[in-house]
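Everything on this sheet refers to the single structure shown next.
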Amino acid sequence: MNVKLIDIASVIRSKNSGPFELTLDIIFKSRQEYETIKASHVLNPGLISRLYGLRNDKTVTVASFDPACAIKITFPRRIPSGSLGDTDIYGAQQHAPLLTLEFEGALQLE
């Protein structure tokens, strides 16, 4: 059985991390779910690069924050915030690819 990120996270959001970067925040519903995902490394630079069409996964940072059971992901914006062609000045609508993310049944979350 696959595990959907939206089922195990209480918060999935995106925001600017300055004018040139986006940050994705994932806050998990339980410590167990957080620890399982963190230990599995399924949320990694390669996955984020594929989801967001980034050419270089070395520009993606994935960090965990244990006190909040959260994972923070930061990567460069394609277009600087507020520049001509930017459709999301605050970066608040960029979390959508995470909403359909599923992990294969190898993760035992019970």
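The values are calculated or read from the model by the stated rules, or taken from the named source; none is laboratory data. Predicted model only: the values in this text are computed from it and were never measured. Note: ideal-geometry Cβ built from the backbone for every residue, glycine included; neighbour counts use all protein chains shown. These accessible areas exclude ligands, DNA and RNA; they are computed on the full protein's heavy atoms, side chains included. Shrake-Rupley method; radii C 1.70, N 1.55, O 1.52, S 1.80 Å.
The table that follows gives values for the structure above.
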quantity: Size of charge dipole - the chain - debye, nearest 20, with Cβ of Lys, Arg +1 and Asp, Glu -1, no other charges; calculated: 300
quantity: Partners for Lys15 among aspartates and glutamates (Cα-Cα distance below 16 Å; same-chain residues under 8 apart left out); calculated: Asp25, Asp86, Asp88
quantity: Karplus (6.51, -1.76, 1.60) ³J(HN,Hα), θ = phi - 60°, over region 75-84, in Hz, Gly and Pro reported as x; calculated: 8, x, 6, 5, 10, x, 4, x, 6, 4
quantity: Within straight-line cross-link reach of Lys29, lysines at Cα separation under 17 Å, skipping those fewer than 8 residues along the same chain; calculated: Lys4, Lys38, Lys72
quantity: Order by protection proxy (mean Cβ within 10 Å, highest first), peptides 46-57, 72-83; calculated: 72-83, 46-57
quantity: Heavy atoms of Lys29 accessible to a 1.4 Å probe, total area in Å² rounded to 10; calculated: 120
quantity: For Asp86, solvent-accessible area (1.4 Å; no DNA, RNA or ligand), Å²; calculated: 40
quantity: The chain - accessible surface per residue (Å², probe 1.4 Å); calculated: 59
quantity: Relative contact order of region 28-110, pairs being alpha-carbon contacts under 8 Å that are 6 or more residues apart, as %; calculated: 27
